[in-house]
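Undergrad: Got a structure for you, written out below as structure tokens; questions coming shortly.
The values are calculated or read from the model by the stated rules, or taken from the named source; none is laboratory data. Predicted model only: the values in this text are computed from it and were never measured. Virtual Cβ from ideal backbone geometry, glycine too; neighbours counted across all protein chains shown.
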Amino acid sequence: MSGALNGIRVIDLGTVIAGPYCTMQLADLGAEVIKIEEPAAAERRSLPGGGLTYQPSDFIQVGSYRDRNKEAMSLNIRHPKGLEILLGLIQKADVVTENFSPGTMDRMGIGYDVLKAINPRIIYVSISAFGQTGSYKHHRGYDILAQARTGFASTTGFPTDPPTRAGNAITDYFAGLLGALSILAALRHVERTGRGQSIDLALFEGLFMTLEGYAERALNNGDVPSRQGNESLSHGPACAVYQSKDESLVAIDAHRDEWWIALCGIIGRSDLADDPRTSHYAARANHPEMIREAIGTWVGSQSAVQAEQAMVAAGVPASRVLTIQEMVELPLVKNRGMYSTVEHPEAGPVTITGTPYGGLTKTPGRVLSAPPVAHQHAAAILQRVLGYTNEEISTLESEGAFSV
């Protein structure tokens, strides 16, 4: 079965998270993604640190799943022959992606103006911390800076504690998804017009778009949303996390009136479903302490499992707060195929994060190959795409086109 993006060739110059995560979406959906790395970057990608059930553990790679379904080749693009290879690949590609600091690609002689001259159909995607234009374009930054500068961190954590960073690099993942979606739109434009375009995306904007209207509240009403701990900034203590009697945590969302009425019945407080101070959504917003006390008292009298089961049975959205280890053992994870086992060239069979696109009924996303080791597919890429012979590849190797 061919993927939806079969026939699309992507040259992936991305590093770390945002760039590789963007192209992972395309690779899962069938695009041919060729990962081009400078040798030092390829070595960093292979450092131990993150992954699942790799044996031996020396083969565990940081964020390795983001490069599954891709081919890899190391190139010294500061070498004339290395640059020539890269330009040759881009000339035969549909998309090129990068997430270097603004100006880096131009300094290396591979900026958009250069690439569109050799391939007018090329879609050129740049992901940076704060964009290719604007006051902060030359500010370096990673996820934590975007969380800080967007104000996102100011709304995360407890009121009495400092702003808190989200648990993972959420801005990189949001920006990567926006990049993949932008590429699909640009491919449609190429199909209609024959012309490519450049795409400028920022980690800042990826997170800005998730602020749930906080920016509008600040601009239009002068509101300053702040930290509410484990309670929703929008819905208050009816959508919050509570501690059970076994000192576990249970997340509950009973902000809708029908859920609230059902919850009142479960906790033995049907009076709150009729009390005008708490009977409807708008009234509850003005009496948070009543809501907090009622739910907290009941959850505190139950085990986390008991509380979750009672609410789920009554149609109230609820879940225990699980550890990652507990999560990976859930039947849901296995039922939905959320992990894939693939053959790693050095580690053997490995289990990695699966594709979220398995639900496409005609062209489901698939995980077909393990993340590549550095330079794994160089010969195959050069032969298939550029028509190089084994002798020519050996000469390039000796001349330093693939190493520094």
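Undergrad: Name the strands (runs of 3 or more DSSP E) wholly within segment 275-357 that hold at least 1 residues that are modelled with pLDDT of 95 or more and under 33 Å from the mean Cα position of the chain (by Cα)?
TA: 318-320
Table: residues versus (1) under 14 Å from the mean Cα position of the chain (by Cα); (2) on the phi > 0 side of the Ramachandran plot; (3) surrounded by fewer than 17 Cβ atoms within 10 Å (Cβ to Cβ); (4) among the hydrophobic types (A, V, I, L, M, F, W, C).
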site: 131; (1), (2), (3), (4): no, yes, no, no
site: 146; (1), (2), (3), (4): no, no, no, yes
site: 155; (1), (2), (3), (4): no, no, no, no
site: 165; (1), (2), (3), (4): no, no, yes, no
site: 171; (1), (2), (3), (4): yes, no, no, no
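Undergrad: What pairs come up if the first residue lies in segment 327-351 and is without any contact (Cβ under 8 Å) to a residue 24 or more places away in the chain, the second is surrounded by fewer than 12 Cβ atoms within 10 Å (Cβ to Cβ) and charged (D, E, K, R), and their beta carbons are under 7 Å apart, counting only those six or more places apart or on different chains?
TA: 349/343
Undergrad: Being of a type in the set (Val, Ile, Thr) and under 26 Å from residue 90 (Cβ atoms), is that true of even one residue in segment 328-338?
TA: No; the residues of segment 328-338 include none that is of a type in the set (Val, Ile, Thr) and under 26 Å from residue 90 (Cβ atoms).
Undergrad: Look through 179, 141, 151 and report the one residue that is at pLDDT 95 or above and surrounded by 15 or more Cβ atoms within 10 Å (Cβ to Cβ).
TA: That would be 179, the only listed residue that is at pLDDT 95 or above and surrounded by 15 or more Cβ atoms within 10 Å (Cβ to Cβ).
Undergrad: Report, by residue number, each residue of segment 337-357 that is within 14 Å of residue 368 (Cβ to Cβ) and among the aliphatic types (A, V, I, L, M).
TA: 342, 350, 352, listed by residue number.
Undergrad: Test residue 137 against the stated conditions and say whether it is basic (Lys, Arg), in the same structural domain as residue 353 (by TED's automatic domain parsing) and part of a helix (DSSP H, G or I).
TA: Judged against the criteria, residue 137 is not a match.
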